[in-house]
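The values are calculated or read from the model by the stated rules, or taken from the named source; none is laboratory data. These numbers come from a predicted model, not from an experiment. Counting neighbours? That spans all protein chains shown, and the Cβs are built from the backbone with ideal geometry, glycine included. Ligands, DNA and RNA are excluded from the accessible area calculation, which covers all protein heavy atoms including side chains. Shrake-Rupley method; radii C 1.70, N 1.55, O 1.52, S 1.80 Å.
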Amino acid sequence: MSTQSSVADSELIAARDRIELLRAEILRHNHLYHALDSPEVSDAEYDDLFAELQQLEGAFPELASDDSPTQTVGAPPGRTFAVVEHRLRMLSLGNAFNAEELLAWRQRAADLLDREEWTYVSEPKIDGLAIALVYERGRLVQAATRGDGRAGEDVTANLRAIDAVPNELSGSPPPLFEVRGEVYMPKAGFDAMNAQIAAENEDRREAGRAALTLYANPRNAAAGSVRQKDASVTATRPLNIGIYQLGWCDDAVTPQTHWETLGWLAEFGFPTTPEAALHCGIDEALAACERWTQRRDGQAFEMDGVVIKVDDLGLQADLGVVGREPRWAIAWKFPPQEASTVVEQILVNVGRTGSINPYARLTPVRVGGVQVTNATLHNLDDIRRKDIREGDTVVIRRAGEVIPQVVRPVLERRPEDSPEWEMPSRCPGTTCGELGCTNEHCGGDRGVADICDGVWCGGDVSRLDDDADFYCGNPHCPAVVQRAIEHFAARGAMDIRGLGEKMIRLLLREGVIRDAAEIYTIPSRLEELARIPGLGQVKRRKGEDHYEIGDRLRNLALAIERSKSRGLSYLLVGLGIRHVGGENATLLADEFHSLDAILQAPHDALAAVDGVGPVIADSIVDWALDGEHWSLVHRLQAAGVEDEVESSDDEPPETPLEGMRFVLTGRFGAMTRPQAEARLKSLGAAVGSSVSKNTTALFAGEAAGSKRAKAESLGLPIWDEDRLVDALDNPSLIPTWLTEG
Ligand code: IVH
């Protein structure tokens with residue numbers, strides 16, 4: 001054997017060992033992350049392992065294997081979804097709750113169109129999530145969620161994993177087009193999946209492990225399943241899809257009516273919305289809505305209404321869109337669903353602002369397909385007005401929203417001598433959080449009396465003059481502090497993974513942190529914190545306990561460090577200033593550029609920001625009057641939390657490709673054509689569908705056809721995928737390429 005080949009052999013053996021190790025590790029991390037919800041490594045570390053495996057498999061093709069995690073359904077399970085800009089905005093629908101509103105909608109359309117009669121299509125409004133699917137040459141190349149309507153998340157791999165979604169079309173579909181539909185989980189599949197989770201929870205409970213959360217309804221289950229980071233998990237979920245619209249379509253003759261479009265799409269193999277029907281006039285459409293209302297529960301899927309659409313696509317175009325809603329369609333919403341059950345107890349929880357919020361603990365009951373155990377009672381006035389007491393049989397209503405309402409008591413069934421409910425005079429806020437606690441100071445149903453070591457608030461509860469709510473008067477109420485930190489760490493704010501309700505409770509109880517700013521002391525105290533049960537890892541060696549930092553703490557520290565650069569608008573949301581949410585925080589950040597500038601701005605300057613107004617301005621000014629709030633801000637700043645908008649963000653986005661016009665053709669491996677188009681457009685370029693002498697250059701992927709030939713005949717620059725990737729990374733290269741000749 002030559003020396004050379006033995007070197008190669010030993011390399012191969014080393015590569016094989018490493019590949020096996022990486023595969024096993026990645027599969028273990030997938031399971032920890034997806035099935036157990038308890039990752040051990042950060043996203044970046046995971047991505048590194050994945051990239052290393054991909055690289056090794058590429059370098060040693062003989063070691064490739066079908067069951068490698070790099071080969072599991074669709075694209076590699078990255079942990080974040082790429083953003084996809086919708087070429088055509090995804091809209092929502094206006095609602096009609098009764099015949100009058102439906103007829104008023106028709107009348108507005110009739111006035112605009114200056115005609116009285118036309119046909120309609122009715123379709124069930126399936127309760128799932130909207131998805132846009134792009135097909136190129138009959139193959140699914142991109143799937144995106146609706147997101148905010150302009151841009152959604154790239155869930156291509158996940159949609160490819162759903163059997164009901166055709167990956168390859170039949171017949172002769174147009175070369176490039178987009179369809180839209182609703183991904184949903186049929187009721188039977190939903191029940192079976194939750195039953196399976198419940199059974200798994202039994203095992204977990206016995207093993208002393210945390211329970212997995214059941215899905216609240218089929219819609220959440222569908223959304224959760226589509227947004228899985230690992231498409232192979234999506235593949236196991238009982239999902240279906242109903243296609244309800246042609247989004248956009250290049251280079252093809254398309255039908256003139258919605259009804260024909262549904263038939264046309266079905267010919268290519270799309271499962272279109274079940275039970276769509278064509279109606280001659282609005283009376284027929286209304287009758288269909290009323291029939292659906294009678295049999296809403298009899299369907300295999302959850303539906304929250306009926307969509308009525310103007311059939312003629314020309315009329316649809318004439319009617320157009322107002323805001324986010326088309327004038328050519330409307331959702332007939334079902335009346336809310338009701339059920340009766342018993343109020344076992346009236347409890348309160350303490351909100352982030354210190355408000356004391358009563359709610360009813362109910363004997364579990366199913367309403368509209370969902371198991372309901374709690375219902376909000378809003379405030380004391382509401383409880384008195386409706387006269388709701390503990391022990392009452394009540395009617396509850398669920399109208400699509402997550403928290404059901406108590407409508408009224410059934411007085412004939414009220415137990416004798418039942419007293420009116422009274423608001424507690426002392427705040428039940430506590431740092432204990434054990435379920436089943438009987439300590440009256442623990443909120444009644446949390447913690448266990450003799451083990452409850454929570455700090456009880458006990459602050460005076462009183463009502464502010466013109467406010468329906470009661471508030472805890474203790475500025476250091478442990479429940480308020482807990483909620484404030486939860487809010488700070490939440491996804492819509494600083495997004496600190498691993499810092500959820502339970503972890504915060506533990507950190508507060510152990511005195512590790514007292515407010516949000518102290519979160520940032522954690523990364524430099526890991527050795528010390530490792531000794532706290534539940535935080536570090538205990539290893540028993542030679543009969544002695546050794547405390548190690550462990551992955552949990554290490555990941556928490558990483559997430560905390562990462563949150564420092566989350567950005568001004570998220571930080572502003574995290575502070576929990578009343579009425580300041582994501583949208584107005586962004587407006588404020590764009591206008592003032594720094595936290596100090598916002599908190600020091602005069603009332604009128606804040607109120608003058610379009611979309612902010614006097615109420616939010618009041619609340620910011622009030623917040624900034626409190627010295628403790630400034631102490632928090634200063635400590636966050638001292639910890640290095642980013643509190644300014646980078647100056648580059650102040651300037652309008654750069655559009656270095658302004659004035660250039662590109663055409664894309666063929667297949668690209670690194671991205672789909674719509675993705676590449678969106679990126680080029682965001683850099684200021686125009687992207688056309690046909691090559692002409694005005695085209696700056698043609699980007700030609702694999703199997704480029706006639707457009708390439710045309711570009712050649714016109715002597716235009718033709719660039720390959722590598723150039724496309726380079727151009728998107730570094731657009732300033734393009735002028736150099738253009739002068740290359
Ligand atoms: S048509 C112009 N048809 O309802 C909007 N939507 O509230 C086009 N939906 O985002 C929507 N079933 O997610 C349409 N048969 C159906 C539908 C349907 C469910 C959802 C869809 C849309 C939302 C609007």
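Some values worked out for this structure:
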| quantity | calculated |
| --- | --- |
| Every pair of residues 6+ apart whose Cβ atoms lie under 7 Å, when the first sits in region 229-257 and is more than 19 Å from Tyr135 (Cβ to Cβ) and part of a strand (DSSP E or B) while the second is open to solvent by 40 Å² or more (accessible area, probe 1.4 Å) and within 13 Å of the ligand (Cβ to nearest atom) | Thr257/Leu313 |
| Hits in region 696-717 (condition: assigned to a helix (DSSP H, G or I) and either surrounded by fewer than 18 Cβ atoms within 10 Å (Cβ to Cβ) or in contact with an Asp or Glu (Cβ under 9 Å, 6 or more places away or on another chain) (or both)) | Ser706, Ala709, Lys710, Glu712, Ser713, Leu714 |
| Checklist (1) open to solvent by 60 Å² or more (accessible area, probe 1.4 Å); (2) farther than 22 Å from Glu153 by Cα; (3) without any contact (Cβ under 8 Å) to a residue 12 or more places away in the chain applied to Glu275, failing item | (3) |
| Residue that is nearest to Leu103 (Cα to Cα), among those in region 341-385 that are part of a loop (DSSP other than H, G, I, E, B) and open to solvent by less than 60 Å² (accessible area, probe 1.4 Å) | Gly368 |
| Residue count, region 117-135 (criterion: away from the ligand (no atom under 13 Å from the Cβ) and modelled with pLDDT under 95) | 1 |
| Some residue of region 526-537 being without any contact (Cβ under 8 Å) to a residue 60 or more places away in the chain and within 30 Å of Glu644 (Cα to Cα) | yes |
| Those residues of region 162-199 which are within 16 Å of the ligand (Cβ to nearest atom), assigned to a helix (DSSP H, G or I) and either open to solvent by 60 Å² or more (accessible area, probe 1.4 Å) or within 16 Å of Thr261 (Cα to Cα) (or both), in sequence order | none |
| Candidate set from region 718-729 (those that are open to solvent by less than 40 Å² (accessible area, probe 1.4 Å) and within 20 Å of Ser692 (Cα to Cα)); member that is modelled with the lowest pLDDT | Leu724 |
| Number of the condition not met by Gly640 [criteria: (1) open to solvent by 50 Å² or more (accessible area, probe 1.4 Å); (2) assigned to a loop (DSSP other than H, G, I, E, B); (3) over 16 Å from Ala484 (Cβ atoms)] | (1) |
| Verdict on Ile388 being crowded, with 16+ Cβ neighbours inside 10 Å and in contact with a strand residue (DSSP E or B) (Cβ under 8 Å, 6 or more places away or on another chain) | yes |
| Residue satisfying all of: in region 200-220; farther than 20 Å from Ala188 by Cβ and in a helix (DSSP H, G or I); most open to solvent (accessible area, probe 1.4 Å) among these | Glu206 |
| Exclusive hit being on the phi > 0 side of the Ramachandran plot and modelled with pLDDT of 95 or more, set Gly323, Gly305, Gly314, Gly269 | Gly269 |
| Scan of region 200-220 for residues that are within 29 Å of Pro274 (Cα to Cα) and more than 16 Å from the ligand (Cβ to nearest atom), ordered by number | Leu214, Tyr215, Ala216 |
| Qualifying residue in region 84-97 (condition: modelled with pLDDT of 95 or more, within 15 Å of the ligand (Cβ to nearest atom) and more than 20 Å from Thr273 (Cα to Cα)) | no |
| Ala157 of a type outside the set (Phe, Trp, Tyr) and within 16 Å of the ligand (Cβ to nearest atom) | no |
| Flag for Ala109 being within 16 Å of the ligand (Cβ to nearest atom) and either closer than 30 Å to Pro336 by Cα or in contact with a strand residue (DSSP E or B) (Cβ under 6 Å, 6 or more places away or on another chain) (or both) | yes |
| Flag for Glu338 being over 18 Å from Ala276 (Cα atoms) and either surrounded by 19 or more Cβ atoms within 10 Å (Cβ to Cβ) or more than 12 Å from the ligand (Cβ to nearest atom) (or both) | yes |
| Elements of type strands (runs of 3 or more DSSP E) in region 276-335, at least 3 residues being touching a Phe, Trp or Tyr at 6+ places or on another chain (Cβ under 6 Å) and either more than 19 Å from Gln245 (Cβ to Cβ) or within 14 Å of the ligand (Cβ to nearest atom) (or both) | 303-310 |
| Every residue from region 221-246 that is within 12 Å of the ligand (Cβ to nearest atom), open to solvent by 20 Å² or more (accessible area, probe 1.4 Å) and among the small types (Gly, Ala, Ser) | Ala223 |
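For every residue, the table says whether it meets (1) open to solvent by less than 30 Å² (accessible area, probe 1.4 Å); (2) within 29 Å of Pro173 (Cβ to Cβ).
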{"site": "Phe81", "(1), (2)": "no, yes"}
{"site": "Ser92", "(1), (2)": "yes, yes"}
{"site": "Glu101", "(1), (2)": "no, no"}
{"site": "Ala104", "(1), (2)": "no, no"}
{"site": "Val121", "(1), (2)": "yes, yes"}
{"site": "Ala132", "(1), (2)": "yes, yes"}
{"site": "Arg137", "(1), (2)": "no, yes"}
{"site": "Arg146", "(1), (2)": "no, yes"}
